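Here the structure is laid out as structure tokens; the discussion comes afterwards.
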Amino acid sequence: MAIDPLKNIKPNKALQYKKESIEQGKGVKLYDVDLAIAEHMIDTVLPTVEIFQEKQKVPVVYGNPERWKSVQKDGYLRDKKGMLQIPLVMFKRNSINRDDALSNTMNRHVSYPSVSRYSKKHRYDKFSAMSSTQKPVEVYDVVIPDYVNITYEVIIWTDFTEHMNKIVEAFQYATDEYWGDKGGFKFRVKIDSFDNTTEVSEGSQRIVRTNFTMAVYAYLLPEQFDNESTHKKSIVPKKVVWGTETDLTGLNGGEVPFSKQTLYNEYSDVIDFMSIRGSKEATFIDADTFKLTNVELPKLPPELEGVFNVSDWFRIYINGVFVPTAKYSYTGSYSTNEIIFNFATGSLSVGGTYPTDLQSTQTELGYILENTDEFGITGKFKEL
């Protein structure tokens, strides 16, 4: 008997990770199409009619073989007690034709990925923002369905022409729309014409009847094909990216935690500069200018000259929208403790009027500043 060479090898735990993958056997069946059509008729299309001074919703039934045979024979439907079922809407699926314009033989071998970035396992929190956590996302991999054209035959019965008119008008208004539940499948429905007749049944009871054919442009997807699910859901693993941070505030009563302070003394300017970060709202001045007050612009240490980008010291947000550094310039005043930001608002389009027709470019805002705007700024400045 041969010995499996891989049987006694212990797995490397460092290379293993938890794989969260769920295959969901959920397709699109003919029953789903029938149900979507029926529910849309009941919940959306069919109106209420007044019968014996009471408003009633017109009932809908599916024409199973027994019911449909009785209707074809008598022209109407009776209950077990022999009473006519009026008003009533009955529908039955007749034929299914492949939509060659959309379907092809490669559909079953092609899948479409869809990513859901918000779920119970994907929540934004302060820890995730501080630790640069890459949240798990749900990935749905769905095989492309087959597209089909399904025809339904529909019969409506009422006592009065007024009721019939109301129902037919509702169906006519709902044609060329997508039918189905808001949280479920939806299919486009088309109705071309209606055939109206008035009959007199046994007992001299008048019956108003309307027949029409309804075309439904649907899609079908089996739950499994070739023993594999056509609808798969997977969750990518969570990833936390850790960085380093140096606390220079010191321990033991505020003293710097270096034995002889040699390292800190040598690089104190660089270390102090790198630790500077302010956050404050600016004050409006005019259409292209605002300023930070009671702040100090730090001086760049000589060791960082040519290395640290001076023009990229700030992150500016106008009404919550980030503004690139190419669209503004700034100056700092040590005498007034202010930093003034000046923007290029933009040039007018040909024949345009100021300021509604200002053009936005890589170096221009495309609008003017107003005193009701909010200006949020973070970056290299000290709040005094």
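Things to note:
For every residue, the table says whether it meets (1) closer than 20 Å to Met164 by Cα; (2) at pLDDT 65 or above; (3) of a type in the set (S, T, N, Q); (4) touching a helix residue (DSSP H, G or I) at 6+ places or on another chain (Cβ under 7 Å).
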residue	(1), (2), (3), (4)
Val33	no, yes, no, no
Glu50	yes, yes, no, no
Pro65	no, yes, no, no
Gly75	yes, no, no, no
Lys80	no, no, no, no
Gln85	yes, yes, yes, no
Ile96	no, yes, no, no
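- Matching residues in region 9-31 - criterion: being modelled with pLDDT of 75 or more and not hydroxyl-bearing (Ser, Thr, Tyr): Gly27, Val28, Lys29, Leu30
- Close pairs (8 angstrom Cβ cut-off, 6 or more residues apart or separate chains): among the aliphatic types (A, V, I, L, M) in region 210-230, modelled with pLDDT under 75 anywhere: Leu221/Thr230; Leu221/His231
- Residue in region 353-375 that is out of contact with any helix residue (DSSP H, G or I) (no Cβ under 9 Å at 6 or more places or on another chain), under 30 Å from Ser268 (Cα atoms) and not in a helix (DSSP H, G or I) present: no
- Within region 147-166, one or more residues are at pLDDT 85 or above, over 15 Å from Val216 (Cβ atoms), hydroxyl-bearing (Ser, Thr, Tyr) and over 23 Å from the mean Cα position of the chain (by Cα).
- Residue count, region 202-253 (criterion: at pLDDT below 70, surrounded by 10 or more Cβ atoms within 10 Å (Cβ to Cβ) and touching a helix residue (DSSP H, G or I) at 6+ places or on another chain (Cβ under 8 Å)): 2
- Considering Phe314, Phe343, Phe322, the condition of being without any contact (Cβ under 8 Å) to a residue 12 or more places away in the chain and either over 30 Å from Val270 (Cα atoms) or out of contact with any Asp or Glu (no Cβ under 8 Å at 6 or more places or on another chain) (or both) is satisfied by Phe322 alone.
- Every residue from region 170-183 that is loosely packed, with under 13 Cβ neighbours inside 10 Å and either touching a Leu at 6+ places or on another chain (Cβ under 8 Å) or among the basic types (Lys, Arg) (or both): Lys182
- Single residue of region 191-201 satisfying the filter (loosely packed, with under 14 Cβ neighbours inside 10 Å and assigned to a strand (DSSP E or B)) that is modelled with the lowest pLDDT: Val200
- Taking region 255-348 and the strands (runs of 3 or more DSSP E) fully enclosed by it, the elements with 3 or more residues that are surrounded by 15 or more Cβ atoms within 10 Å (Cβ to Cβ) and at pLDDT 80 or above are at 289-293, 314-318, 328-333, 338-343.
- Yes/no for Lys92 being under 22 Å from Ile207 (Cα atoms), modelled with pLDDT of 85 or more, surrounded by fewer than 16 Cβ atoms within 10 Å (Cβ to Cβ) and within 42 Å of the chain's Cα centre (by Cα): no
The values are calculated or read from the model by the stated rules, or taken from the named source; none is laboratory data. Just so you know, these numbers come straight off a predicted model, no measurement behind them. All Cβ positions, even for glycine, are placed from backbone atoms using ideal geometry, and neighbour counts span all protein chains on display.
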